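To start, the structure under review is shown below, and the notes come after it.
The values are calculated or read from the model by the stated rules, or taken from the named source; none is laboratory data. All values reported here derive from a predicted model rather than from experimental measurement. Ideal geometry is used to build each Cβ from the backbone, glycine not excepted, and the neighbour counts take in all protein chains shown.
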Amino acid sequence: MAGTTNRVEFSVAERFPFADGHEFGAVGAYERLVGRAHFAVDPHVPAQKGITDIDQAPVDAMGLVRFAGDFSILKPVDPERGNRRIFFDYGNRGNKRILQFFNDAPASNDPRTFEHAGNGFLMRRGYAIVWLAWQGDLLPGNGRMVLDLPTVPAVTGPVRVEYIPDRRGITTYPLSGHASTRSHPAVSLDPREARLTRRRYPDDPRIPLPPESWRFARVERGAGLDNQGAEQAIIPSDTHIHIPAGFEPGWIYELVYTGRDPLVLGLGHAAVRDFVSFLRYSDPDAARLGTIDKAYAWGRSQTGRCIRDFVYRGFNADASGRKVFDGVLPHVAGAGRKWLNHRFANAVVSGGQQYEDHFNPADTFPFSYAETTDHLTGRRDAILKRPETDPLVIHTQTATEYCGAARSCIPTPAAMTCRSRPACAFISGPARSISPTRSRGRWSAASAKIFSIPLRPRCCSAR
């Protein structure tokens, strides 16, 4: 259980020694648990308030909305030798990243071996490392963690997608634009019921493509019979777009169509909230982690924005009002939040770059952790506005975020005002990307300097 109205159950499919049974100093050996977490939430209680379309999601005989997702845990075999802390990795687009960035380990979605432990940094310090699927529009493949969410049947609405081909010969895309991501099905397969345009630059006028030049379809290929060579078929599809003449590289193609049956993607926030709360506050034997005193979260780029959105929308308080994460580390998130809790969202899309995805509503007010005023509307708001349950924040940025991810929208301390017991945020500037195995040999030096500034009102003291 997680709180009074939300339910969490998890089943372990695999339990095996990690890193070939290697002993990590005083903490000892680690083991890995892999399985599925099953959730049930009451759509009508305050804990679920604000989750888009949850009031229209299918419910069971008890009136609960049910969903399930993959989880994986690395933990000390003897929990008493650990540090009684969870370190949660918001898997970027379903991929496990924390060992690569904190342990200098090679990237892997199935960490098992001693090599996957990297330099053992997190293990030697005794963390229980936790992953849970949170992105409900991902498809299985390449070891991605998948969250299965309910759809809202019979609901339709506008969907907008961009495609920017980088080479010639591409004739077909999933409507989502990404092979790893579920597409919102089209209501009609008639191109006259949709609009496909292209333009060279974001602010250029859109040039319509005639309906007869493209279709809702996919391509299937296979070996031909009777010595006819390879064959292909063009098959009508409500989840693909096909241009027989091909997409031209470097152009921004934009498709606007009517979609149906949206996923309740905002439940991804509820999944993280309820799972971490379960691990922290339920019976230690049931959660299998022993006693947990603190929980931290880290996310890079996409998942850094997800952390900011999670906190802003109040999910850092569980259904019983208890704090979920004590501290969070959004890395290279820019000033944005996550395009997740929206009807017909596409959670895999980047937060808007120099030329593409400007329609993505990631960079929307508020940007700052402390309260500021939107100079366009006069509205006042903040990411951190719930002092009793807000986490401490270490937010790391690089020059990339200043140039391409609206980082400068996060104000300097002089622009902030004091709130009652505000949480503290800390801005640092490391490298955006690093390669593994830098802690050994010739390339053991840090790849960038770190510049830091405390980001809190001057009248408030750190806690």
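Contact map, the range 44-58: residues that are surrounded by 13 or more Cβ atoms within 10 Å (Cβ to Cβ) paired with residues that are acidic (Asp, Glu) and in a loop (DSSP other than H, G, I, E, B), Cβ distance under 9 Å, separation 6+ or inter-chain. Pairs shown: Ala47/Asp318; Gln48/Asp42.
Scanning the range 192-201 for residues that are out of contact with any Phe, Trp or Tyr (no Cβ under 9 Å at 6 or more places or on another chain) and surrounded by 14 or more Cβ atoms within 10 Å (Cβ to Cβ) turns up nothing.
For the range 91-98, the criterion of being under 14 Å from the mean Cα position of the chain (by Cα), crowded, with 17+ Cβ neighbours inside 10 Å, over 17 Å from Gly268 (Cβ atoms) and among the hydrophobic types (A, V, I, L, M, F, W, C) is met by at least one residue. Every listed requirement among (1) among the aromatic types (Phe, Trp, Tyr); (2) in contact with a strand residue (DSSP E or B) (Cβ under 9 Å, 6 or more places away or on another chain); (3) at pLDDT 55 or above is met by Phe451 save one, (3). Being on the phi < 0 side of the Ramachandran plot, assigned to a loop (DSSP other than H, G, I, E, B) and either surrounded by fewer than 19 Cβ atoms within 10 Å (Cβ to Cβ) or assigned by TED's automatic domain parsing to the domain that holds Ala40 (or both): is that true of Phe344 here? No; evaluated as a whole, the condition is false for this residue.
Here the condition is being assigned to a loop (DSSP other than H, G, I, E, B), at pLDDT below 95 and under 30 Å from Pro262 (Cβ atoms); of Pro140, Pro153, it holds for Pro153 alone.
Filtered by the rule that a residue be touching an Asp or Glu at 6+ places or on another chain (Cβ under 8 Å) and under 24 Å from Gly157 (Cβ atoms), the range 212-254 gives Phe216, Ile252, Tyr253, Glu254.
Is at least one residue of the range 56-64 under 16 Å from Phe278 (Cα atoms) and modelled with pLDDT of 95 or more?
We begin by selecting, within the range 56-64, every residue under 16 Å from Phe278 (Cα atoms); these are none.
Scanning the range 56-64 turns up no residue that is under 16 Å from Phe278 (Cα atoms) and modelled with pLDDT of 95 or more.
Screening Val27 with (1) over 14 Å from Leu122 (Cβ atoms); (2) among the aliphatic types (A, V, I, L, M); (3) surrounded by 16 or more Cβ atoms within 10 Å (Cβ to Cβ) gives one miss only, at (1).
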